[in-house]
Amino acid sequence: MMGQVCLELKNIEITFLDQLVLDIPQLAVHQFDRIGIVGKNGAGKSTLLKLMAGQVTPDKGHVNRFVDFAYFEQLSKPGDSETDYEWLGKFAVPQTEMEHLSGGEQTRMKLAQLFSTYHEGLLLDEPTTHLDAAGIQLFIEELTYYVGALVLVSHDRYVLDKLVTKIWEVEDGQVTEYTGNYSDYVAQKELKRKQQQEQHDKYVKEKTRLLKAAEEKMRKAEKITQANNHMSKKETKAKANKMFMTKSKDTSQKAVQRAAKAIEQRVEQLEAVEAPEKEQILYFPQPTALKLHNPFPIMADRLTLKAGKKTLLKEASFQFPLGNTIAITGKNGSGKTTLLRHIIQQGEGMIISPKAVIGSYEQMGYHFEKDESVLAFMKERSDYEESKIRAVLHAMNFTGNDIRKNVRDLSGGEAIRLVLCQLFLGRYNVLVLDEPTNFLDVFCMEALERFIKGYEGTVLLVSHDRMFIDRVADRIYVIEQQQLRLLT
């Protein structure tokens, strides 16, 4: 069921600093479409959404909107629009001044505003960033029953799986459409990759066969030349006088060489098939000096944790096992970030192995002290070989000349990716990561999953991304009722 066209893009071109950002001959959103937009950071996902919302004007082409679309912008503050009290209640938005709202509460406020008025189309840019599991679930439930055209940019694969029936992949300025949800899209990409690998193997096999045949012909021609050179004058005369010789040896040799050249031309005419890019398995072995032997490097004994007057944990005791990836979940404001900070600071009630060297990633802006390239920054802070450093940076989408960039010129997203690379390649044996996936695209999230799986140390993380936790965590804890409870 597609319904009428709600929005149409025709012959679109958008350039930025002489680089083509989007090149779309034709694309349409229909009445009942549920579209998820995916692509690497900087590929143009948000630009595409802004174009559809009328916030960006194309250099060439036309955008035709036939219905009223609401636009949810990821980084904007909540507006002054009328908000239904029922929605404020549903999203548990505190009745307080705007400046006192946390990131998650601001997102809840913006969603309450969005749902207070019905629109025939919704253009949503990362609407679940900062939302806890309960907020994400409420968002999914509301949009499951939404009647209208839904276009969603999201890095939350669980949300995409639940809500969309079509994927638009933005890559190199082009938009490719896939039918199904995110998992279907991944399966189709994997099938494409396998087919490309099969075609590549077939191409290599045929090329090898032809080159071998050409080589044999050339060897044959070589032998004829040698035979001619070694023949005595008497033999040559005798041979030449034979009536049945229709061709001289020289002619015969040229014919073999021609055949070899013909085969070589066939090799050149073969359609080259590139091998698909291989997903590198990355391991981060611990140097002997950093190896921990305590079976529980992080423990708490009757820990009480407060934020102002609010008690977050009351006499909580726990033990985190060595070498495990431990995920901590819980509602917005339950104390997850406060607990991580308390562990990093080795606060009261914590028992931390004296040999623990903690590297931490926190939700904040990163400021680099001095001018240096991405590669130089990494080499100074890591004992791994340069080839390993380059492979890790490449997995986090630092490609081509990116590694020569000055760290001070990096965007917020690039800085986050660099800090994550530095943690896994750095001189640590315990990593503490607070919402590390918040501003990563799905491809970098998958790279981070590979990093965690290949890391020999202990990882402690907070995340609201269900699929990410399910894929990396050995143990999942939840903070509720002032206790830290083991779920799995």
Matching entry among S76, S116, S81 (being without any contact (Cβ under 8 Å) to a residue 40 or more places away in the chain, under 20 Å from Y145 (Cβ atoms) and either in the same structural domain as L152 (by TED's automatic domain parsing) or crowded, with 16+ Cβ neighbours inside 10 Å (or both)): S116
Residue tally, condition of a type in the set (S, T, N, Q) and out of contact with any His (no Cβ under 8 Å at 6 or more places or on another chain), over the stretch 1-28: 3
Residue within the stretch 333-345 that is in contact with a Lys or Arg (Cβ under 7 Å, 6 or more places away or on another chain) and at pLDDT below 95 present: no
Test: residue in the stretch 430-440 that is hydrophobic (A, V, I, L, M, F, W, C), within 18 Å of the chain's Cα centre (by Cα), assigned to a helix (DSSP H, G or I) and over 17 Å from N324 (Cβ atoms): no
Odd one out for K207, checked against (1) surrounded by 14 or more Cβ atoms within 10 Å (Cβ to Cβ); (2) under 21 Å from the mean Cα position of the chain (by Cα); (3) among the basic types (K, R): (2)
Members of the stretch 163-180 that are more than 17 Å from L9 (Cα to Cα) and among the hydrophobic types (A, V, I, L, M, F, W, C): L163, V164
Any hit, the stretch 397-404, residues being surrounded by fewer than 17 Cβ atoms within 10 Å (Cβ to Cβ), part of a loop (DSSP other than H, G, I, E, B) and not hydrophobic (A, V, I, L, M, F, W, C): yes
Considering residues of the stretch 229-269 that are over 26 Å from E206 (Cβ atoms) and surrounded by 15 or more Cβ atoms within 10 Å (Cβ to Cβ) only, the residue modelled with the lowest pLDDT: K249
Residue check, L425 under 16 Å from the mean Cα position of the chain (by Cα), within 19 Å of Y455 (Cα to Cα), buried (at least 17 other Cβ atoms within 10 Å of the Cβ) and not polar (S, T, N, Q): no
In the stretch 405-422, the residues that are surrounded by fewer than 20 Cβ atoms within 10 Å (Cβ to Cβ), of a type in the set (D, E, K, R) and at pLDDT below 90: R408, D409
Some residue of the stretch 298-305 being more than 23 Å from T488 (Cβ to Cβ) and of a type in the set (S, T, Y): yes
Residue count, the stretch 270-290 (criterion: exposed (fewer than 14 other Cβ atoms within 10 Å of the Cβ) and within 30 Å of I351 (Cα to Cα)): 5
Residue in the stretch 350-381 that is farthest from Y283 (Cα to Cα), counting only those that are surrounded by 18 or more Cβ atoms within 10 Å (Cβ to Cβ) and over 23 Å from the mean Cα position of the chain (by Cα): I352
Residue identified as modelled with pLDDT under 90, touching a helix residue (DSSP H, G or I) at 6+ places or on another chain (Cβ under 7 Å), surrounded by fewer than 20 Cβ atoms within 10 Å (Cβ to Cβ) and assigned by TED's automatic domain parsing to the domain that holds Q174 among P94, P58: P94
A134 vs. criteria more than 30 Å from V21 (Cβ to Cβ), touching an Asp or Glu at 6+ places or on another chain (Cβ under 6 Å), touching a residue at least 12 places away in the same chain (Cβ under 8 Å) and part of a helix (DSSP H, G or I): no
Selection within the stretch 35-55 - under 25 Å from the mean Cα position of the chain (by Cα), surrounded by fewer than 20 Cβ atoms within 10 Å (Cβ to Cβ) and closer than 16 Å to E8 by Cα: T47, K50
Residue identified as under 25 Å from F439 (Cβ atoms) and charged (D, E, K, R) among E169, E120: E169
Some residue of the stretch 374-389 being over 16 Å from C421 (Cα atoms) and free of Cβ contacts under 8 Å to residues at least 40 places away in the same chain: no
I479 more than 14 Å from the chain's Cα centre (by Cα), assigned by TED's automatic domain parsing to the domain that holds K306 and either assigned to a helix (DSSP H, G or I) or surrounded by fewer than 21 Cβ atoms within 10 Å (Cβ to Cβ) (or both): no
Any chance V159 is in contact (Cβ under 8 Å) with a residue 12 or more places away in the chain, surrounded by 13 or more Cβ atoms within 10 Å (Cβ to Cβ), closer than 28 Å to E271 by Cβ and assigned by TED's automatic domain parsing to the domain that holds L27: no
Scan of the stretch 1-19 for residues that are over 19 Å from F69 (Cβ atoms) and either at pLDDT below 85 or crowded, with 20+ Cβ neighbours inside 10 Å (or both), ordered by number: M1, F16, L17, D18, Q19
Flag for V56 being free of Cβ contacts under 8 Å to residues at least 60 places away in the same chain, in contact with a strand residue (DSSP E or B) (Cβ under 9 Å, 6 or more places away or on another chain), aliphatic (A, V, I, L, M) and under 30 Å from R108 (Cα atoms): yes
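The values are calculated or read from the model by the stated rules, or taken from the named source; none is laboratory data. Everything quoted here is computed from the prediction, not taken from an experiment. Every residue, glycine as well, gets a Cβ built from its backbone with ideal geometry; the counts of neighbours run over all protein chains shown.
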